[in-house]
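Input: a single structure, listed below in structure tokens.
The values are calculated or read from the model by the stated rules, or taken from the named source; none is laboratory data. Keep in mind the model is a prediction, meaning the values are calculated, not measured. Cβ placement follows ideal geometry from the backbone for every residue including glycine, while neighbour counts extend to all protein chains displayed.
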Amino acid sequence: MLFENRKEAGKQLAQKLGSYAGREDVLCVGLARGGVIVAASVSEALNVPLDVAIVRKVGAPDNPELALGAISDEGEGVFNEELIAMLGISKDYIRKEVEKQRELVRQRKALYMGDKESLPFEGKVVILIDDGIATGASIKVAIEAIRIKMPEKIVLAVPVAPHDALREISLLVDEVVCLHAPTSFGAVGAFYREFSQVTDEDVMKLISKK
């Protein structure tokens, strides 16, 4: 299965989410950055509000691209304890890096939202959307952050995800909508004809319209 681009993938997801259209208790939350493009398309089709979730990687000392875990502005985050122990990384390093990345999450959210306040999640049906799942670490963190805000229901909606990862993550949410879940999986971008880099400006434009 090949999607034309993120916007088109969002339109296809919206067709599977039709029962949520026009409901006042429903909102879409896009995982920044790429997931916001998909979520904006779903939000427009369903005529429900759009918000953004931001997750940051916690990198290893001297190798920031090596992910030890991931955090959002809420919750404890998700960490690879086995890797942390193997590398002998101290709790003090993790604590300081978490504080640093959490502050960057807050700054990024302020940039995206501007004067707009985040939408209340309590008692709502939150449709969490990304452009695809690879390892699932970022989605797990986003789910944790949303759960803290006491929604009525969390629906995970993604165009594509590995079968095994999706099965694991489905245990963390109330409903899953996935258009394609292959057993053989490479990069998310391989399932799109057009998968260009999404900028902060792209996200800001979409959020400002809602």
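A few comments on the model shown:
- Matching residues in region 128-154 - criterion: being over 23 Å from Ala187 (Cα atoms) and part of a strand (DSSP E or B): Lys153, Ile154
- Candidates Val42, Val48, filtered to the one that is out of contact with any Phe, Trp or Tyr (no Cβ under 8 Å at 6 or more places or on another chain), within 21 Å of Asp131 (Cα to Cα) and crowded, with 17+ Cβ neighbours inside 10 Å: Val42
- Scan of region 108-128 for residues that are of a type outside the set (Phe, Trp, Tyr) and under 18 Å from Ser208 (Cβ atoms), ordered by number: Arg108, Lys109, Ala110, Leu111, Met113, Gly114, Asp115, Lys116, Glu117, Ser118, Leu119
- Only one of the listed residues (Glu117, Glu122) is assigned to a loop (DSSP other than H, G, I, E, B), at pLDDT 95 or above and more than 27 Å from Ala60 (Cβ to Cβ). That residue is Glu122.
- Positions within region 82-119 being aliphatic (A, V, I, L, M) and closer than 24 Å to Ile37 by Cα, in sequence order: Leu104, Val105, Ala110, Leu111, Met113, Leu119
- Some residue of region 5-12 being in contact (Cβ under 8 Å) with a residue 40 or more places away in the chain and part of a loop (DSSP other than H, G, I, E, B): yes
- Positions within region 186-208 being touching a strand residue (DSSP E or B) at 6+ places or on another chain (Cβ under 8 Å) and either under 18 Å from Ala137 (Cα atoms) or not aliphatic (A, V, I, L, M) (or both), in sequence order: Val188, Phe191, Tyr192, Arg193
- Residue list for region 43-78, filter: free of Cβ contacts under 8 Å to residues at least 40 places away in the same chain and of a type in the set (Asp, Glu): Glu44, Asp62, Glu65
- Residue under evaluation Arg108, criteria (1) surrounded by fewer than 22 Cβ atoms within 10 Å (Cβ to Cβ); (2) outside any helix (DSSP H, G or I); (3) not assigned by TED's automatic domain parsing to the domain that holds Val203, criterion not met: (2)
- Residue in region 75-97 that is modelled with pLDDT of 95 or more, under 21 Å from Lys149 (Cα atoms), part of a strand (DSSP E or B) and of a type in the set (A, V, I, L, M, F, W, C) present: no
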